[in-house]
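Chemist: Sharing a structure, written as structure tokens. Questions coming.
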Amino acid sequence: MRQKETAVPDTIKVLANLASILTIPAQHQQAIEAALQTRLGTLLLPDEAALWQLLAQRDPDAALAVAVADNLQPAAPPEIKEKGALGWADSVVTFKKQFAPLVQTLLGRVLLVDGAKTAVAIAKSLPTGCVAAAPDGTVAHAGGLIELVGQSAQDSLLAREEAWREAQQKLAAKKDEVAGWKRPLPSSKPSSKPNKKPPTS
């Protein structure tokens, strides 16, 4: 999700949105998207000044999730050794180091597990605020809430982000191809052979 696709005015500085800075292994995409849902589009703002500016100018009919870089204080997730636990989501994705606080805040409370039964079982012992997410979209929250999240692969936020990245790669390749066509051909140098003298009689 790009800034122009949201209700954020261009005058407000946005450092990143979560979906655009993550590379998620295919086998974990559905679980992570089910756990975060619209929070995958969280916008990272540089400071509270940008937050207040956004609140004053935003479209009141639009729903947004935002985080202020100066205020992020992610807590270290607990160590989970139960069978079927695959790891915390922030440990399986790749991203630039500068965005670590945002990623850890949102994905560091999502425990990836191998199935729905494991999610429900492990969630009983998770700290408040954590969830266990299974590949089929089952999300079990600490405290007992269980969500069964359905998602169309074509319409998902991650699918749209992947399509955007592929389009950008194709565009860059096309530009390189066109640039190659426009390169001037090497100029031919005049012959340096000496003129032959006419034969003498």
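Just so it is clear, none of the values below were taken in a lab; they were calculated from the coordinates. What you are looking at is a predicted structure, and each value in this text was computed from that prediction instead of being measured. When we count neighbours, we look across all protein chains shown, and the Cβ atoms used for this are built from the backbone with ideal geometry, even at glycine.
Chemist: For segment 3-158, what is the percent of antiparallel DSSP beta bridges, rounded to the nearest 5?
Modeler: Percent antiparallel among DSSP bridges in segment 3-158 is about 65.
Chemist: Turning to a different aspect of this structure: Just want the ordering: D61, D47, D176, from fewest to most Cβ atoms lying within 10 Å of their own Cβ.
Modeler: Ordered by Cβ neighbours within 10 Å, fewest first: D61, D176, D47.
Chemist: Which residues' amide hydrogens lie under 5 Å from the amide hydrogen of V68, considering only partners 5 or more residues apart or on another chain, with H built in the peptide plane?
Modeler: L45
Chemist: Right, next: Once the dipole of segment 34-154 is set up with Lys and Arg at +1 and Asp and Glu at -1 on Cβ about the Cα centre, which of L107, A69, P46 lies farthest towards its positive end?
Modeler: Value: L107.
Chemist: About the Cα centre of segment 3-158, how large is the charge dipole given +1 on each Lys and Arg Cβ and -1 on each Asp and Glu Cβ? Please answer in debye to the nearest 20.
Modeler: 380 debye
Chemist: T42's amide H: which non-local residues (gap 5+, or another chain) put their own amide H closer than 5 Å, with H modeled 1.01 Å from N in plane and none for Pro or chain starts?
Modeler: L18, A19
Chemist: Greater than 25 Å separation of Cα atoms is the criterion. Which listed pairs, K83/K124; K13/K96; K97/K124; K97/K117, meet it?
Modeler: K97/K124; K97/K117
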